[in-house]
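Readers should treat all values here as calculations from the given coordinates under stated rules, not as data from a laboratory. Given the structure is predicted, the values throughout are model-derived calculations rather than measurements. No Cβ is skipped: glycine too gets one built from the backbone with ideal geometry, and neighbour counts run over all protein chains shown.
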Amino acid sequence: MVRFLQLSFTFFLALESSLLFAEKGLPDTYGMGRTVAADEIAAWDIDVRPDGRGLPKGNGSVQKGGEIYAQKCALCHGASGTEGPFDVLVGRLSEDVFPFAREPGTVKTIGNYWPYATTVFDYINRAMPFTAPGSLRADEVYALVAYLLHLNAIVPANTVLSQENLPAITMPARHRFVLDDRRGGPEVR
Ligand code: HEC
């Protein structure tokens, strides 16, 4: 919270100064900070969009993913991705039904809920393993995504995923999500 307040305060200061300078013209220097180096921006600029923009170069196989999973993920997600103790990652529902609104207790998995395979990459890349986020190389993340998609019966065992073919995968729940394009009136898509 303290951090948030500090950030908001800085933001307001920045806003105030920018309004001020908009009137008077920008100074050559603010007398603080420094130019951010390209590699510093690159270290933060890791988001991967649903259409695959932002994916790094690399590739990984289902087989390799299985090895990494056993080493770095099974501990928390179970040997087959279903046992926990933490989030269940594997599981399709019969006929790919989508009962989550009616039955809120239904466990959401990559196979029954996630609309984009690219988001699985983004999530694992930025957040897992829980104890060392950001520690996986791109090749390892591709392999883990391949393995988890295979366990969810979305890709065959001989799959190798890369920045080229990952965005083309259609997830079972993809058509359950639509863009919210309401315009404020009664019109609902
Ligand atoms: C120390 C325990 C731990 C380890 C090790 C771990 N995870 Fe997780 N994982 C978690 C927890 C806890 C969450 C839920 C995080 C949250 O909701 O904020 C999670 C969430 C996830 C999710 C999102 C599940 C969902 O549907 O919301 C994925 C995918 C995932 N982990 C993949 C992995 C992979 C791949 C690895 C191995 C590289 C891994 N995890 C290693 C604890 C762990």
Residue-wise HN-Hα coupling along the stretch 120-129, computed from phi with Karplus coefficients 6.51, -1.76, 1.60 (Hz; x: Gly, Pro): 4, 4, 4, 5, 4, 4, 8, 10, 10, x
Roughly speaking, what is the centre-to-centre gap between the stretch 53-89 and the stretch 147-176 when only Cα atoms are used, to the nearest Å? 13
Of Val141, Pro99, Asn112, farthest towards positive along the dipole that unit charges on Lys, Arg, Asp, Glu beta carbons give the stretch 59-176: Pro99
Across the stretch 56-66, in residue order, what do the Karplus-derived ³J(HN,Hα) couplings come to in whole Hz, using 6.51 cos²θ - 1.76 cosθ + 1.60 with θ = phi - 60° and x for Gly and Pro? x, 5, x, 7, x, 9, 4, 4, 4, x, x
For each of His175, His77, count neighbouring Cβ atoms within 10 Å of the residue's Cβ, then give the residues from fewest to most. His175, His77
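How would you rank 107-119, 129-141, 55-67, highest first, on the average number of other Cβ atoms within 10 Å across their residues?
107-119, 55-67, 129-141
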Exposure proxy ranking, count of Cβ atoms within 10 Å, fewest first, for Met32, Met128: Met32, Met128
Fully extended contour minus Cα-Cα distance, from Ala43 to Glu95, at 0.36 nm per residue: 14.6 nm
Give me Leu148, Leu179 ranked fewest to most by other Cβ atoms within 10 Å of their Cβ, as a rough exposure proxy. Leu179, Leu148
Built amide H within the under 5 Å cut-off of Asn59, gap 5+: Asp139
Using θ = phi - 60° and Karplus 6.51 cos²θ - 1.76 cosθ + 1.60, couplings along the stretch 81-89 (whole Hz; Gly, Pro as x): x, 10, 8, x, x, 9, 2, 6, 9
Count charges around Lys64 for me, please; just the other residues with Cβ under 14 Å from its Cβ, Lys/Arg as +1, Asp/Glu as -1. -1
